[in-house]
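S.K.: Below is the structure I would like to discuss, written out as structure tokens.
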Amino acid sequence: MFEKLYADPSIISRHENAPYKEERERYLTHCERQGYSPSTLLWFARELFWVARKLPPSLEQGITLKQVKTIARGWEERERCWGQALTLRHTRYRFIRVARSWLRFLGYWREPERPIPFANLVENYRGWMKDERGFTSLTIDRRCGHLAHFLHWYGSRSCQISAVCLNDIDAFLAYYGANGNCRESVKNMAAALRAFFKYAGSQGWCSSSIAHGIHGPRIFTQEQLPSGPSWQDVRRLISSMETDRAVDIRDRAMVMLLAIYGFRAREVLALRLEDFDWEQNLISVSRVKRRGRQTYPLITIVGNAIIRYLEEVRPPSSHREIFLTLVPPFRPLAGGTLYPVTSKRMASLGIRVRHLGPHSLRHACATHLVAEGFSLKEIGDHLGHRCSLATRIYAKVDLPSLREVATFDIGGLI
């Protein structure tokens, strides 16, 4: 690998004689396959040379961030090599950054752990939600995440779970709300704690009456509707991405899937190359909540946007997911990627809605279908709802129809 990066035999020999030669070459080869440029690979090779010289002889026990920060000092030798003084702050930052990435790749990086109090109870609860209730992994992770916040707070008091009382939970919810969490977040936290303590009570870990006394702040059902932009604003959003910039080409395809098909963000990010049948003009999506697949006709404008992205923008990769990062390392987009894609663009266009995330486009899709006169059953099928109750809320945003009802003369019916 070093022969591909350097032409000077003395430099190649210096890199080959430094510690952890095989491990460094393996990582550089991995980075090359990920699409990093030659200049970036050279930068990695230089940094890894100094990282390897400072590491202990054995890495079997792993390396922590604290250890890396400790050894990221003393740059006299490197300054002599460069022939000039270094900016120590930036040198130290680069050292830590490259060391962490390399050691993670090798499997020697040890993240600092913050143990969750009563972790055995959490794992028991997690298994019950998965095996007995059949919840999705997303739901399980969210509930356990909420529970971890409470257990860290409660565990700091060195109390047993059997001693928990409603005053403790009320105090925690007040603390949670006072630390920047909105009423909706406090309500979700209360719901997660209520579900856990209902299970804990059935297992005899605490009083079975606790769950019945957990109440979050009162929030009126769908009080914030409509929570999505108007269809005119959706058109403006899509039109603003009709450029030749790679990021706009990719994001335009994703926004179309969110707004026209009403897909959820995770459903868009999970789309794979084999989910598109280009001969039959069909798109198949794995529904998160229905736990099944649903097939839609692929309309021309969306199909053309995706084809343009695949032909002009999508980097070569072994990943089967459609949407990838545009800079190395090329990998599928992470779960939170779509929020800045929609929020920043809508804010720059002056689109004023309560929610600017990708889910607001799903609401915009439903609202548009209501305005177009589709039945709630048709809208529910299009959105992949499991229950008609989830679709019924969109009747509230059909303001023209509601005004017609309000002005209807019912005097003759009485």
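S.K.: Here is a list of conditions, (1) over 29 Å from the mean Cα position of the chain (by Cα); (2) modelled with pLDDT under 85; (3) exposed (fewer than 15 other Cβ atoms within 10 Å of the Cβ), and E111 meets all of them except one; can you say which number that is?
M.R.: Exception for E111: condition (1).
S.K.: In addition: The conditions are (1) of a type in the set (A, V, I, L, M); (2) buried (at least 17 other Cβ atoms within 10 Å of the Cβ); (3) within 22 Å of the chain's Cα centre (by Cα), and A190 fails exactly one of them. Which is it?
M.R.: All conditions are met except number (3).
S.K.: Does the range 49-87 hold any residues that are in contact with an Asp or Glu (Cβ under 9 Å, 6 or more places away or on another chain) and either farther than 21 Å from R24 by Cα or among the charged types (D, E, K, R) (or both), and which are they?
M.R.: The initial filter retains those residues of the range 49-87 that are in contact with an Asp or Glu (Cβ under 9 Å, 6 or more places away or on another chain), namely 50, 52-53, 59, 64-65, 85-86.
R53, A85, L86 - these are the residues of the range 49-87 that are in contact with an Asp or Glu (Cβ under 9 Å, 6 or more places away or on another chain) and either farther than 21 Å from R24 by Cα or among the charged types (D, E, K, R) (or both).
S.K.: Search the range 63-74 for residues that are of a type in the set (D, E, K, R) and pair each with any residue that is surrounded by 10 or more Cβ atoms within 10 Å (Cβ to Cβ) when their beta-carbon atoms are under 7 Å apart and the residues are at least 6 apart or on different chains.
M.R.: K69/I96
S.K.: Just the residues that are under 20 Å from the mean Cα position of the chain (by Cα) and either closer than 23 Å to G380 by Cβ or modelled with pLDDT of 85 or more (or both), please, taken from the range 348-365. Explain how you work it out, then say what you get.
M.R.: Filtering the range 348-365 down to residues under 20 Å from the mean Cα position of the chain (by Cα) leaves 355-363.
The answer is H355, G357, P358, H359, S360, L361, R362, H363.
S.K.: Criterion first (closer than 23 Å to T91 by Cβ, acidic (D, E) and touching a Lys or Arg at 6+ places or on another chain (Cβ under 7 Å)) does E76 satisfy it? Write out each step before concluding.
M.R.: Values: closer than 23 Å to T91 by Cβ: yes; acidic (D, E): yes; touching a Lys or Arg at 6+ places or on another chain (Cβ under 7 Å): no.
In short, no.
S.K.: Moving to a separate point now. Step by step: first the residues of the range 71-108, then only those that are within 15 Å of E47 (Cα to Cα) and of a type in the set (F, W, Y), then the one that is surrounded by the most Cβ atoms within 10 Å (Cβ to Cβ). Which residue is that?
M.R.: The extreme case among them is W102.
S.K.: Next question. Take the residues in the range 243-270 that are more than 18 Å from L361 (Cα to Cα) and without any contact (Cβ under 8 Å) to a residue 60 or more places away in the chain, then tell me which one is surrounded by the fewest Cβ atoms within 10 Å (Cβ to Cβ).
M.R.: Filtering the range 243-270 for residues that are more than 18 Å from L361 (Cα to Cα) and without any contact (Cβ under 8 Å) to a residue 60 or more places away in the chain, the one surrounded by the fewest Cβ atoms within 10 Å (Cβ to Cβ) comes out as D244.
S.K.: Further question: When both residues are 6+ apart or on different chains and their Cβ atoms are under 7 Å apart, which pairs have a first residue that lies in the range 77-97 and is touching a residue at least 24 places away in the same chain (Cβ under 8 Å), and a second that is assigned to a helix (DSSP H, G or I)?
M.R.: Every condition considered, the pairs that remain are R78/W50; R94/E47; F95/E47; F95/W50; F95/V51; I96/V68; I96/K69.
S.K.: Looking at the range 142-175 only, could you name the residues that are surrounded by fewer than 13 Cβ atoms within 10 Å (Cβ to Cβ) and closer than 23 Å to G336 by Cβ?
M.R.: Residue satisfying the conditions is G145 alone.
S.K.: Oh, and also: Looking only at the range 1-57, count how many residues are surrounded by 14 or more Cβ atoms within 10 Å (Cβ to Cβ), at pLDDT 85 or above and among the small types (G, A, S).
M.R.: Residues that pass the stated criteria total 3.
S.K.: Output the number of the condition that S162 fails; it satisfies all remaining conditions of (1) in contact (Cβ under 8 Å) with a residue 24 or more places away in the chain; (2) in contact with a helix residue (DSSP H, G or I) (Cβ under 9 Å, 6 or more places away or on another chain); (3) closer than 18 Å to A195 by Cα.
M.R.: Here S162 clears every test but (2).
S.K.: Of all the residues that make up the range 109-125, how many are touching a helix residue (DSSP H, G or I) at 6+ places or on another chain (Cβ under 8 Å) and either closer than 19 Å to S162 by Cα or β-branched (V, I, T) (or both)?
M.R.: 6
S.K.: Look through the range 114-133, keep the residues that are exposed (fewer than 15 other Cβ atoms within 10 Å of the Cβ) and modelled with pLDDT under 85, and return whichever of them is nearest to the chain's Cα centre (by Cα).
M.R.: Selected residue: R114.
S.K.: Does any residue of the range 291-307 turn out to be under 21 Å from V341 (Cβ atoms) and under 21 Å from the mean Cα position of the chain (by Cα)?
M.R.: No.
S.K.: Now a separate question. List, please: which pairs have Cβ atoms under 7 Å, are six or more places apart or on different chains, and start with a residue in the range 1-22 that is among the small types (G, A, S) and end with one that is surrounded by 12 or more Cβ atoms within 10 Å (Cβ to Cβ)?
M.R.: A18/F49; A18/A52; A18/R53
S.K.: Can you list the helices (runs of 4 or more DSSP H) lying wholly within the range 141-254 that have 2 or more residues being of a type in the set (G, A, S) and modelled with pLDDT of 90 or more? Explain how you work it out, then say what you get.
M.R.: Values: elements: 166-178, 183-202, 231-239.
In the range 141-254, the matching helices (runs of 4 or more DSSP H) lie at 166-178, 183-202.
S.K.: Evaluate the range 301-311: report whether one residue or more is crowded, with 16+ Cβ neighbours inside 10 Å and at pLDDT below 90.
M.R.: Scanning the range 301-311 turns up no residue that is crowded, with 16+ Cβ neighbours inside 10 Å and at pLDDT below 90.
The values are calculated or read from the model by the stated rules, or taken from the named source; none is laboratory data. Small disclaimer: the values here were computed from a predicted structure and weren't measured. Cβ atoms come from the backbone with ideal geometry, glycine included; neighbour counts cover every protein chain shown.
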